[in-house]
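Report on the structure given below.
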Amino acid sequence: MKYIISEPRLSMFLRRRFSPEDLLWIVNDVKKMIDQGYNVDTALYGGIREFIKSGFADIDEFGYEQSYWDSYLKYEDALIPYVKSQLGLD
């Protein structure tokens, strides 16, 4: 049996937490930053962190510093490879 996949497979983590519109917004925002002259790493991390900060209640802003960064990393670790693949940066 063959499967036709038009979109790269999304991890279950991404599918459960982000709508297709959210993912498109993140990819477009990072691309725009790169087009404006930001280096790739700055655009990737900056764009993704800004999105996470704007919409996720489970960021631990009042805990210890490590807890704060861990709450971001769980999203970044899934989003960075996805955005890179969508922009052909991998």
Six or more apart or on different chains, Cβ atoms under 6 Å: show the pairs whose first residue is in the range 61-72 and free of Cβ contacts under 8 Å to residues at least 24 places away in the same chain and farther than 13 Å from residue 49 by Cα and whose second is surrounded by 12 or more Cβ atoms within 10 Å (Cβ to Cβ) and not aliphatic (A, V, I, L, M). 67/60
Considering (1) without any contact (Cβ under 8 Å) to a residue 24 or more places away in the chain; (2) touching a helix residue (DSSP H, G or I) at 6+ places or on another chain (Cβ under 7 Å); (3) within 11 Å of residue 26 (Cα to Cα), say which one residue 52 fails and leave the rest. (1)
Taking first residues from the range 19-30 that are closer than 13 Å to residue 80 by Cα and second residues anywhere that are part of a helix (DSSP H, G or I) and hydroxyl-bearing (Ser, Thr, Tyr), the pairs with Cβ under 9 Å that are 6 or more apart or on different chains are 23/82; 26/82; 27/82
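Each reported figure results from applying straightforward, stated rules to the coordinates on display, with no laboratory input. What you see is a predicted model, and the numbers here were worked out from it, not measured in a lab. All Cβ positions, glycine included, derive from the backbone under ideal geometry; neighbour counts span all protein chains shown.
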